[in-house]
Amino acid sequence: LLRRLNCIIIAAFFAFAPRLSVATTSAGEQFAQANKLYEAKEFDKAIQAYQSVLSQGVESSSLYYNLGNAYFKKGDLGYAILYYLKAKRLDPSDDDIAHNLAFAKQFSRVQMEGVELNPISSFLVSLVDPYRLETLAWISSGCFILLFLFLIARFGLGIRTAGVRLAAVVTLVLLVVSVGLTTFKYRHDYLTRRAVIIAEEAPVLTGPTEQSDVELQGAPGLIVEILAETPEYYNVLFENKRRGWIKRDLVAEV
Amino acid sequence: MSTRNVTSGLIILAALFMITPANAKAADDVTVEVSLDRDTIGLDEHAMLQVVVSGTMQNLPDPIMPSLPMFEVYSQGRSSNISIVNGQVSASLTFNYMLLPQKAGTYPIDQIAVVYNNKRFKGNSVELTVLSSGAAVSPDLEEQAADESGKSKDYFMEAVADKKNPYVNEQVTLTMKFYTAVQYYGSPELTEPTTTGFWTEVLGNNAPYTQMINNRRYKVIERKYALFPTQTGELTIGRGTIRFTVARRDRRSRDPFNIFGDFFGQGMEVTVSSLPVQINVKPLPTQGRPADFTGTIGKFGISATPDKREVEVNQPVSVTFKITGSGNIKSVAEPVLGELDDFRIYQASSSENMSKLNDQLGGSKIFEEVFIPKRPGTLEIPAISFSYFDPTVGKYTTASTRAIKLNVIKPEGYAGQPDLPYSAPDLTIGSQARDIRYIKDDIGSLAPVGRLLLLTPIYLAVNGLPVLVLAGLVLIRLRREKLAGDIGYARSHRAAKIAKKRLAKAKSLATVNQAGSFYAEIYTALTSYIADKLNISPHGLTSERITELLKAKSAEGTVIRNVVDLIQKCDFARFAPASITQEDITESLAKAEQTIVQIEGTKFA
């Protein structure tokens with residue numbers, strides 16, 4: 001049985017590996033080409049080149065980061081922030097991405113006055129923010145495997161010492177915490193839909209109709225959370241908890 | 001100024017002092033300045049005496065005039081003046097007296113004083129010379145008043161410099177005098193003398209007076225200038241010119257009946273000029289010139305006053321340096337402070353106050369410097385010297401302040417500067433970035449867009465593996481434990497294995513020649529298999545007993561029959577081996593195997 005399982009794992013690994021490596025070579029060349037265009041300050045062409053790498057169905061934090069830089073230099077703040085956010089989601093610990101995101105945000109014509117977040121939620125955000133979802137998932141997985149090693153020792157091999165028991169309990173606690181954080185991270189980064197305003201004129205309305213009043217005027221680069229949607233509008237929540245409805249084509253989803 | 005105005009001024013002053021009672025400390029500073037418009041007059045002339053009382057308090061006292069028996073004294077009124085400079089209130093009262101002489105002679109006027117707060121403040125003394133009538137006129141002036149033919153002029157102008165040979169930057173007082181013995185119309189128009197090479201300050205006009213020259217009464221208008229030569233050598237003060245209108249001189253209009261002739265006669269515009277004045281400016285002596293001399297000429301004093309004497313480290317102390325005296329106050333330079341180890345020094349402000357007392361330009365210049373002590377302890381701001389050239393004695397003089405001792409106290413939490421061989425940084429660079437950071441060269445690890453690790457086979461496999469391992473191990477362990485603890489289970493579990501072994505052995509004996517051994521083996525295999533399965537002893541098992549036992553375990557009828565058949569066959573073969581054929585052996589072997597498989601498939605209750 002074990003041997004069969006190993007076979008499946010190895011087969012699965014090899015099934016992925018060649019496909020990735022083929023993609024990497026051509027994408028890497030196109031990426032380098034795009035970087036040259038960026039160096040030559042041909043930002044429009046550089047954006048096209050980066051986008052063509054993305055169109056192969058692959059992504060990386062560097063790719064999104066460079067794309068963000070190209071849009072920033074071109075003067076398109078909304079898309080710059082959009083791609084920095086995408087880059088940050090893939091690599092939250094990268095200092096360059098965090099710096100450029102913060103730097104770009106300060107150029108938005110409209111700045112949102114801050115509102116105190118729920119302290120527990122902001123604590124959790126600060127806890128999971130520097131880690132990628134994958135990292136947290138692997139930490140959970142490690143705790144899970146470790147727990148099972150101790151369970152195997154106890155129930156499979158019959159090592160019934162107090163040490164094994166204690167280690168199992170500790171690992172169980174760690175597992176619960178890490179799975180909880182992973183779930184929170186997943187909800188916060190993947191289930192919560194975010195969007196960035198990209199249009200120069202972005203009125204945020206009180207309702208999802210043409211006749212609604214203007215609640216506030218948005219500006220490119222403002223980050224919103226999508227709460228609900230209609231075929232034409234998104235119901236959005238700003239960082240300072242202001243809400244409103246905005247036309248779908250004025251924003252881009254992260 | 002009327003009494004009411006003075007009163008209201010006093011009320012304002014009183015209000016100011018109520019707001020700033022601290023200023024009352026400075027109230028001791030009362031000065032009395034006495035001046036005369038002229039120091040020489042004729043017996044038939046008069047002199048104006050001015051007494052200025054100034055100070056920083058609300059109720060300036062009136063001066064006490066001494067008895068002046070040689071003069072008739074007439075008060076000419078008083079005026080008051082209030083000014084607020086940098087929050088400092090200063091007030092002055094001016095009293096004017098007209099002195100009419102009784103007798104020729106030279107009379108000192110002193111003992112003019114005021115009493116304030118039981119203190120007596122004495123004014124300076126002046127001297128007035130009264131000449132007997134006409135004697136006040138110098139022969140030189142009489143000469144000027146006469147024209148070529150010896151007749152006296154109707155009008156003329158004179159320029160007098162009090163010094164012909166001054167030092168550079170020493171005050172020369174120039175007096176332009178306009179004498180006229182006839183009536184003029186309107187106001188005369190003056191063109192000021194050119195004073196190239198001088199720094200000029202107009203001292204002002206004196207009140208007109210009359211003077212007898214060559215038995216003719218002239219009205220004299222004086223205008224005075226303070227001139228400060230800015231260069232050495234021969235300098236010329238240009239002509240001053242006055243243009244004015246007089247009545248036309250017409251002998252016929254001297255008709256006693258034509259009394260209106262002078263009024264309605266046509267006016268005549270005339271111009272008089274003074275003669276140029278030559279001044280020879282001496283350079284300052286190089287001998288004995290102090291190092292800190294910056295070109296100030298006159299007579300000065302310097303004082304330094306701190307605003308507090310006790311201060312915390314790094315807190316400012318404001319020190320006011322006041323230079324007061326006579327001379328060109330505008331040219332007074334800031335005293336040189338130099339670098340002090342214990343203080344950081346900043347210049348805060350400077351202001352000057354010019355006075356024109358007795359036609360002598362002077363005043364005070366105030367420099368406010370801020371000293372910030374660097375360390376605690378008793379620190380000293382050293383005496384600051386100020387050098388000037390005194391032209392009256394022709395020598396350089398140095399005035400200096402007193403050193404100021406400051407008690408610098410240690411504030412809470414003060415930590416002294418560590419002694420390090422490094423100076424403060426030249427440049428401080430803030431953390432604020434100017435641009436975004438540059439693009440990345442390496443594309444990094446590529447992944448399919450939107451891939452979630454949680455759903456990848458690798459992740460599922462890695463996490464599923466330990467679960468499966470545990471489950472397997474637990475099963476194995478449970479079985480082992482059962483085998484070890486239950487003999488019946490263990491025998492039953494091993495039964496088939498042992499039976500198979502025996503049957504294999506029997507198979508190797510499956511020939512007609514070895515029929516006895518073959519059937520013995522088959523018999524053992526079958527009986528010990530059933531015994532193991534039922535957990536009973538294999539010895540003494542008969543076919544009847546086996547049938548009974550199997551029936552009790554509710555085995556199928558065919559199985560029981562097969563077993564019984566096989567046992568009978570074995571018994572038969574043991575006793576009559578010769579009748580056994582090869583077919584019998586093959587059939588029995590197959591039947592034995594089949595039976596064991598059948599029993600193995602049976603679940604015994």
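The values are calculated or read from the model by the stated rules, or taken from the named source; none is laboratory data. Please read all numbers here as calculations on a predicted model, not as lab measurements. Because the Cβ atoms are built from the backbone with ideal geometry, glycine has one as well, and the counts that use them run over all protein chains shown.
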Exercise. Going by the conditions given, is B:A510 under 20 Å from B:Y489 (Cβ atoms) and outside any helix (DSSP H, G or I)?
Worked result: no
Seminar exercise, completed: Of the conditions (1) more than 7 Å from chain A (Cβ to nearest Cβ); (2) part of a helix (DSSP H, G or I), the single one that B:R451 does not satisfy is (2)
Problem set entry | Among residues of segment B:193-204, those that are exposed (fewer than 14 other Cβ atoms within 10 Å of the Cβ) and at pLDDT 85 or above, counted | 2
Problem set entry | Candidate set: segment A:111-136, residues that are in a loop (DSSP other than H, G, I, E, B) and buried (at least 16 other Cβ atoms within 10 Å of the Cβ); chosen: the one nearest to the other protein chains (Cβ to nearest Cβ) | A:R132
For this session: For segment B:436-443, state whether one or more residues are modelled with pLDDT under 85 and farther than 30 Å from A:K36 by Cβ.
Result: no
For this session: Determine, yes or no, whether B:A304 is hydrophobic (A, V, I, L, M, F, W, C) and in contact with an Asp or Glu (Cβ under 7 Å, 6 or more places away or on another chain).
Result: no
Problem set entry | Residue count, segment A:48-67 (criterion: within 7 Å of another protein chain (Cβ to nearest Cβ), of a type outside the set (A, V, I, L, M, F, W, C) and more than 9 Å from A:Y83 (Cβ to Cβ)) | 5
For this session: Give me the pairs, please: first residue somewhere in segment B:273-289 and touching a residue at least 24 places away in the same chain (Cβ under 8 Å), second residue anywhere and in a strand (DSSP E or B) and acidic (D, E), beta-carbon distance under 9 Å, and either six or more positions apart or on two chains.
Result: B:S274/B:E158; B:L275/B:E158; B:Q278/B:E234; B:I279/B:E234; B:N280/B:E234; B:V281/B:E234
Seminar exercise, completed: Within segment B:465-478, residues more than 8 Å from chain A (Cβ to nearest Cβ) and surrounded by 12 or more Cβ atoms within 10 Å (Cβ to Cβ) come out as B:A471
Exercise. Do any strands (runs of 3 or more DSSP E) lying entirely in segment B:63-182 carry at least 3 residues that are over 56 Å from the mean Cα position of the chain (by Cα), and which ones are they?
Worked result: B:71-85, B:88-101, B:105-109, B:126-131, B:155-161, B:172-180
Exercise. Here are some residues: B:T586, B:T547, B:T527. Which one is in a helix (DSSP H, G or I), in contact with a Leu (Cβ under 7 Å, 6 or more places away or on another chain) and not hydrophobic (A, V, I, L, M, F, W, C)?
Worked result: B:T527
Exercise. Which residues, counting only those in segment A:72-83, are more than 9 Å from chain B (Cβ to nearest Cβ) and either among the acidic types (D, E) or buried (at least 24 other Cβ atoms within 10 Å of the Cβ) (or both)?
Worked result: A:D76, A:G78, A:I81, A:L82, A:Y83
Exercise. B:K103: among the charged types (D, E, K, R), crowded, with 17+ Cβ neighbours inside 10 Å and farther than 30 Å from B:G233 by Cβ, yes or no?
Worked result: no
Exercise. Checking B:I372 against (1) part of a strand (DSSP E or B); (2) out of contact with any Pro (no Cβ under 7 Å at 6 or more places or on another chain), which test does it fail?
Worked result: (2)
Problem set entry | Search result, residues across segment B:561-582 that are modelled with pLDDT of 80 or more, in a helix (DSSP H, G or I) and of a type in the set (S, T, N, Q) | B:N562, B:Q568, B:Q582
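Results for (1) under 30 Å from B:V160 (Cα atoms); (2) in contact with a Leu (Cβ under 8 Å, 6 or more places away or on another chain); (3) hydroxyl-bearing (S, T, Y); (4) modelled with pLDDT of 85 or more, shown as yes or no for each residue.
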position: B:N206; (1), (2), (3), (4): yes, no, no, no
position: B:R217; (1), (2), (3), (4): yes, no, no, no
position: B:T236; (1), (2), (3), (4): yes, no, yes, yes
position: B:P256; (1), (2), (3), (4): no, no, no, no
position: B:I259; (1), (2), (3), (4): no, no, no, no
position: B:N280; (1), (2), (3), (4): yes, yes, no, yes
position: B:P283; (1), (2), (3), (4): yes, no, no, yes
Exercise. If a residue has to be of a type in the set (S, T, N, Q) and modelled with pLDDT under 90 to count, how many in segment A:62-88 make the cut?
Worked result: 0
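Helices (runs of 4 or more DSSP H) wholly in segment A:44-110 with at least 1 residues that are of a type in the set (S, T, Y) - which ones?
Answer list for segment A:44-110: A:61-74, A:77-90.
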For this session: Answer with yes or no whether A:K36 is surrounded by 19 or more Cβ atoms within 10 Å (Cβ to Cβ), among the charged types (D, E, K, R) and outside any loop (DSSP other than H, G, I, E, B).
Result: no
Exercise. Can we say B:N535 is buried (at least 16 other Cβ atoms within 10 Å of the Cβ) and either of a type outside the set (D, E) or farther than 29 Å from B:G488 by Cβ (or both)?
Worked result: no
For this session: Scan segment B:155-168 for residues that are surrounded by 19 or more Cβ atoms within 10 Å (Cβ to Cβ) and more than 19 Å from B:T232 (Cβ to Cβ) and jot them down.
Result: B:Y155, B:F156, B:M157, B:E158, B:A159
Problem set entry | Verdict on B:K482 being surrounded by fewer than 16 Cβ atoms within 10 Å (Cβ to Cβ) and basic (K, R) | yes
Exercise. Here are B:G77, B:G123: which of them is surrounded by 17 or more Cβ atoms within 10 Å (Cβ to Cβ) and out of contact with any helix residue (DSSP H, G or I) (no Cβ under 8 Å at 6 or more places or on another chain)?
Worked result: B:G123
Problem set entry | Subset of segment A:143-190 [within 11 Å of chain B (Cβ to nearest Cβ), surrounded by fewer than 17 Cβ atoms within 10 Å (Cβ to Cβ) and touching a residue at least 12 places away in the same chain (Cβ under 8 Å)] | A:Y190
